[in-house]
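Notes to accompany the following structure.
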Amino acid sequence: MAVREPEDDGQISEAQRISMLERSMSTNRIFLLLLAVLIIVTLSVSITIAILSTMEGDAESASSSQILELRSEVKDLKAELLKNQAQLATLSDALPQLRTELQNSSAPTFQRLMLQQEKSNQEFLKAMKEGMYDLARMVPGSRTWLELYSERIDKANTLSQERERLLKRLNTGEPLIEP
């Protein structure tokens with residue numbers, strides 16, 4: 001058999017044994033520390049990847065559902081826009097005809113005639129008042145009936161002017177009811 005050497009038998013001095021144990025312990029500590037750091041890094045990377053993959057999956061599914069919803073909404077809005085454009089074109093084509101009919105309708109025509117009639121009525125009342133004044137100057141003692149009839153003519157003239165004003169307001173589209 002083989003001959004043993006004194007180092008193999010455990011014949012090492014106590015100081016040598018302690019120094020060997022300390023070297024192996026420091027090597028083991030470094031190895032364990034590196035292993036722990038590697039495990040921590042691996043765990044943190046794994047957790048980060050897991051979190052990001054779950055968040056990314058939710059974001060993609062929400063985004064795709066929102067995209068589909070928005071696409072359908074855009075499609076509906078486009079259809080409504082086309083419908084409104086067709087309706088606008090129809091109304092634009094009919095507008096000149098409606099304007100012509102409105103101008104030729106009987107209401108504005110009668111309104112113009114009534115305005116002319118009120119103007120004529122006011123001119124007549126003015127001429128009649130001047131004639132009465134001239135007549136009162138020719139006839140002695142006619143001051144009383146001149147005052148009486150002048151008041152009535154003034155009242156009729158005021159009412160005629162009010163009707164003219166209302167007809168003009170009606171022509172411009174203003175409301176007839178005054179506050």
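Per-structure values
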| read-out | value |
| --- | --- |
| Residue identified as surrounded by 11 or more Cβ atoms within 10 Å (Cβ to Cβ), modelled with pLDDT under 90, of a type in the set (A, V, I, L, M) and closer than 30 Å to Ala107 by Cβ among Leu125, Leu146, Leu167 | Leu167 |
| Flag if Glu162 is surrounded by 11 or more Cβ atoms within 10 Å (Cβ to Cβ), touching a helix residue (DSSP H, G or I) at 6+ places or on another chain (Cβ under 7 Å) and not aromatic (Phe, Trp, Tyr) | no |
| Number of the condition not met by Asn157 [criteria: (1) touching a Leu at 6+ places or on another chain (Cβ under 6 Å); (2) not in a helix (DSSP H, G or I)] | (2) |
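The values are calculated or read from the model by the stated rules, or taken from the named source; none is laboratory data. Just so we're clear, the structure is a prediction, and the values are computed from it rather than from any experiment. Cβ atoms come from the backbone with ideal geometry, glycine included; neighbour counts cover every protein chain shown.
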